[in-house]
1. For Lys51, enumerate residues with amide H under 5 Å from its amide H, sequence gap 5+ or separate chain, H modeled in the peptide plane.
2. Could you list Met36, Met118, Met113 so that the one with the fewest beta carbons within 10 Å of its beta carbon is first and the one with the most is last?
3. Return Val16, Val65, Val27, Val33 ranked ascending by Cβ neighbour count within 10 Å, so the fewest neighbours appear first.
4. Can you list the residues, at least 5 places off or on another chain, whose amide H is less than 5 Å from the amide H of Val70, using H built in the peptide plane?
5. Which value at 222 nm does the chain reach when only helices count, each DSSP H run of 4 or more adding -39,500 (n - 2.57), with the total divided by all residues and rounded to the nearest 500 deg cm²/dmol?
6. Using only the alpha-carbon atoms, how far is helix 122-139 inclined from the longest principal axis of the chain? Give it as 0 to 90 degrees, nearest 10.
Amino acid sequence: MEYTAEATIEAPADLVWSILADAGGYVTWDSGVEKMEGEISPGGKIKLFSKVNPGRAFPVKVAIVEPERVMTWTGGMPLGLFKGVRTFTLVGTTPNQTTFTMREVFSGPMLGMVAKKMPDLQPAFDQFAAGLKAEAEARAGR
């Protein structure tokens, strides 16, 4: 099971990255986030509080960080019973344009059972990409 969202952003990759890497700033541009705790850094742990499931914290580990290119968050149940891997990818197509992709793949032996209780996350993914695009383009003066 997976979800994907993509946006072409009229802003340089370093600017888009600075927004993605600022955990505290998410609440200002991602209308799907109630709050986020922790720091986005290699091996770091963050807690995401989403409006899709109000009041519930989603703890994730920041597994991969390659500034201005890729970042991966992982989370789920112990022993890999259910796992989510979210990957953010930036590709600078021109000096002032970036293609952003966010993809999350869910897996594990309990996927079927958990998936039945999960809401459709596609609207939240699309909202995230749109919010990032709007924030980056506003900061870039576009």
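1. For Lys51, the qualifying residues are Val33, Glu34.
2. Fewest to most other Cβ atoms nearby, the residues stand as Met113, Met118, Met36.
3. In increasing order of surrounding Cβ atoms, one gets Val27, Val65, Val33, Val16.
4. For Val70, the qualifying residues are Leu90.
5. So the helix-based figure for the chain works out to -7500 deg cm²/dmol.
6. Tilt of helix 122-139: around 30 degrees.
Since every read-out is calculated from the coordinates, none of them should be taken as a lab result. Note that the coordinates shown come from a computational prediction; the quantities given were computed from them, not determined experimentally. Neighbour counts are summed over all protein chains in view; Cβ atoms, including those assigned to glycine, are modelled from backbone coordinates with ideal geometry.
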